[in-house]
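*Asks:* Starting off with a structure, shown below.
The values are calculated or read from the model by the stated rules, or taken from the named source; none is laboratory data. Nothing here was measured: the structure is a model prediction, and the numbers come from that model. Here Cβ is always computed from backbone atoms with ideal geometry, including for glycine, and neighbour counts include all displayed protein chains. The area values use the complete protein model at the heavy-atom level, side chains included, leaving out ligands, DNA and RNA. Shrake-Rupley method; radii C 1.70, N 1.55, O 1.52, S 1.80 Å.
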Amino acid sequence: MAVDPDRSSAGALAGTDTAPAASRFQHPETPPPTGKRLAVLSLTALGVVYGDIGTSPLYTIRECFGAEYGLVPNAMNVYGILSLILWSLILVVAIKYLVFILRADNRGEGGVLAMLALLMQGGEDRIGGHRRRLLILLGVFGTALLFGDGVITPAISVLGAMEGLEVGAPELAHFVVIATVAILFLLFLFQKLGTARVGGAFGPITLVWFLTIGVLGGLEVARTPEILAAVNPAYAVRFFIVHGFTGFAVLGAVFLAVTGAEALYADIGHFGTRPIRLAFFSLVLPSLLLNYFGQGALVLREPAAIANPFYLLAPRSLLYPLLVISTLAAIVASQALISGAFSLAQQSVQLGYSPRLTIIHTSAREAGQIYVPEVNHALMIGTLLIVIGFRSTSALGAAYGIAVTGTMSITTLLFAVIARVRWHWPLWRVLVLAGFFFTFDFAFLGANALKIEQGGWVPLAIAAGVGVLMTTWKRGRQRLLEIVRENTIPMDLFLADVGRWKPHRVSGAAVFLTSDASGAPPVLLHHLKHNKVLHEKVVLLSILTEGIPHVPSEDRVECRELDQGFYQVVARYGFMETPDVPAVLQALGRSDGTRRPVGMKLMETTFYLGRETLIATSSSKRRSPAPPTDGAMAAVPRMATWRKKLFILMTRNARSATAFFGLPPNRVVELGAQIQF
């Protein structure tokens, strides 16, 4: 029996690495950026981090006065809505994310999976088994929700921009959907060129965008300065008192103003916290507030402007230039979510929640710039279907918020656990802060849940589907690993047999990739049984994923010499890195005073991989493997037959190990076997 190597069965979340990664790999603290470097990073962060929040003024005010709420655009309602938007930006973006959540980074990387990997470091001694599994499931679902957000954000952003055609030329209204589909198709088509080429102008474009919307709004505010009274939170409170349940429901539309907040945390690895905070407080927040308040002032002066207050802020002569800038800003916002989905996919592969995917590095200098064709195609199909199905931002607004509010609530929970378990905050402090965050998290979540029937089911359905795939792959790999362990003999016994029977040795080196470094891999036993020879040098290579983003190069490869010309090699990678077996062999080939199999040459080495044929069986026909003792989701339950068949289908469609690990195809030997799964 042979097993295809996959470090997902021995990754950080599976508990192979039992020592906290933070204590194993020590990095010097990187000084915070200053001067010109800080300015450049802040400008770049504008495009990548704030594109989603920046395009929210295209539709937020209009949706707050949508027909389903029945609100009249009078002074009380306008002041109340503006106060809700202002304090949502302050509480959610400024306080929750910029002040607190950004502190919970995993070696500079953010996002739900990075937070989850940080939380899981240290094993069961930190968090008990049942709570640990629950947190992992929540983290996986939060990640799945972000994939749903990645489908909807490009659709609503570009649709919102193109709806400006209806203002300038109503006769062209029927071209809005067609133009949106064309722009999105081209955007996804150009992803293969790489983020550096596609998004080189992101920062300047977004800078122009924020300056434009700030000026447009500021001019209107200057005409009606009394609108600034809406900064008083009493107007928001009064709005709730007067409108009751309707006021609560409107929170679902108000939330559109902060939908990009999760990107702040997910993108800290690219820029650091200081540029992100500087960009927000110096430009993003002032520009957004000026535009929102300007739209409110315009609606008070001309109630009919509620049809599209953003575009009606602009003079007629500037409408089409504004349409062009809006479209470019919407493309930037879409690109940020698409790139984020690529990063999530890479993390999912490395942490063992996804089959191997095609991960193409599009920049020789920036490790984070990748392109994942499978994800790009799935996002493109989903986004185009969303545009064709909903056809307007008003219809799509119902589907937008539920995914982000769900992820934000999960982020708050994981943050609270990290604060308690890793930072050792007192319980009262954790409860007070988490309770404060959950107050508006659950308020927004509840308001968006009211829109499930009108379209909120779409991101939930996407998240449910992605979540099932992720958990099925994780459980299937763990179950397969247990089956392999049942048929693996300890390495010392195997080497003793080799010394006793002395099989014929041929010149050269052989590398056996194995997911379990504790024993002789089945593919090696299979090879020896049928070919009855061994190479002079035999390397047992295991690739493990640590719970940190990047592993220092000096800690990458660990080599231990065994008897009979065997070497046990462990190569460690972070969850933001892609394994590179040829680079590992190059490191092994250098003599540095340790006992390594020096002299290995890539084109003179044979790689042995397992290719198993899985056969799904009912639980009654095969004993469920014993629960592993290696951490995350440790007690693997019996898999339902439909899950087994789904896992087998995913296995068949995964990228080949040869391509994923960068092995020369003409040096690979695959040995197959059937496994009752």
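*Asks:* What fraction, in whole percent, of alpha-carbon pairs in region 503-613 exceed 16 Å separation?
*Replies:* Value for region 503-613 (Cα pairs over 16 Å): 59 percent.
*Asks:* Find out how many positive minus negative residues lie around Ile306, taking Lys and Arg as positive, Asp and Glu as negative, among other residues whose Cβ is under 15 Å from that of Ile306.
*Replies:* -4
*Asks:* Something else: Per residue, how large is the accessible surface of the chain? Use a 1.4 angstrom probe and give square angstrom.
*Replies:* 39 Å²
*Asks:* Now for a different question. Rounded to the nearest 5, what is the percent of antiparallel bridges among the DSSP beta bridges in the chain?
*Replies:* Beta bridges within the chain, antiparallel portion: roughly 25 percent.
*Asks:* Another question about this same structure. Give the value in nm², to one decimal: projected area of the alpha carbon convex hull of region 312-426, averaged over all directions.
*Replies:* Quarter of the Cα hull surface area: 12.0 nm².
*Asks:* All other residues with a Cβ under 14 Å from the Cβ of Val250 taken together, and with Lys, Arg as +1 and Asp, Glu as -1, what is their net charge? Don't skip to the end; give the middle numbers.
*Replies:* Values: positive: Arg62, Arg238, Lys451; negative: Glu63, Glu68.
Local charge sum for Val250: +1.
*Asks:* Excluding same-chain pairs closer than 8 in sequence, count the lysine pairs in the chain whose Cα atoms lie under 27 Å apart.
*Replies:* Pairs that pass both the separation and distance tests number 14.
*Asks:* If one computes the Cα centroid of region 655-677 and of region 396-436, what distance in Å separates the two points?
*Replies:* 42 Å
*Asks:* While we're here: Counting only helical runs of four or more DSSP H residues, what would the 222 nm mean residue ellipticity of the chain come to if each run contributes -39,500 (n - 2.57) and the total is spread over all its residues?
*Replies:* Calculated from helices alone, the mean residue ellipticity at 222 nm is -17000 deg cm²/dmol.
*Asks:* Using 7 Å Cα-to-Cβ label points, what is the Thr641/Trp423 separation (nm, one decimal)?
*Replies:* According to this spin-label approximation, the distance is 5.0 nm.
*Asks:* Express the carbon and sulfur contribution to the solvent-accessible surface of the chain as a percent, rounded to the nearest whole number, probe 1.4 angstrom. Spell out each step's value before the answer.
*Replies:* Numbers: 16320 of 26090 Å².
Accessible surface attributable to carbon and sulfur in the chain totals 63 percent.
*Asks:* Viscosity 0.692 mPa s, temperature 37 °C: what is the translational diffusion coefficient of the chain from Stokes-Einstein with a Kirkwood Rh over Cα pairs, rounded to a whole number of µm²/s?
*Replies:* Rounded to a whole number, D works out at 123 µm²/s.
*Asks:* Right, another one. Principal axis extents for region 387-532, Cα atoms only, whole Å, descending order, please.
*Replies:* 73, 50, 27
*Asks:* Right, something else. Between Gly111 and residues 5 or more places away or on another chain, which pairs have amide H atoms under 5 Å apart, with H built 1.01 Å from N, and which residues are they?
*Replies:* Under 5 Å from the amide H of Gly111: Ala266.
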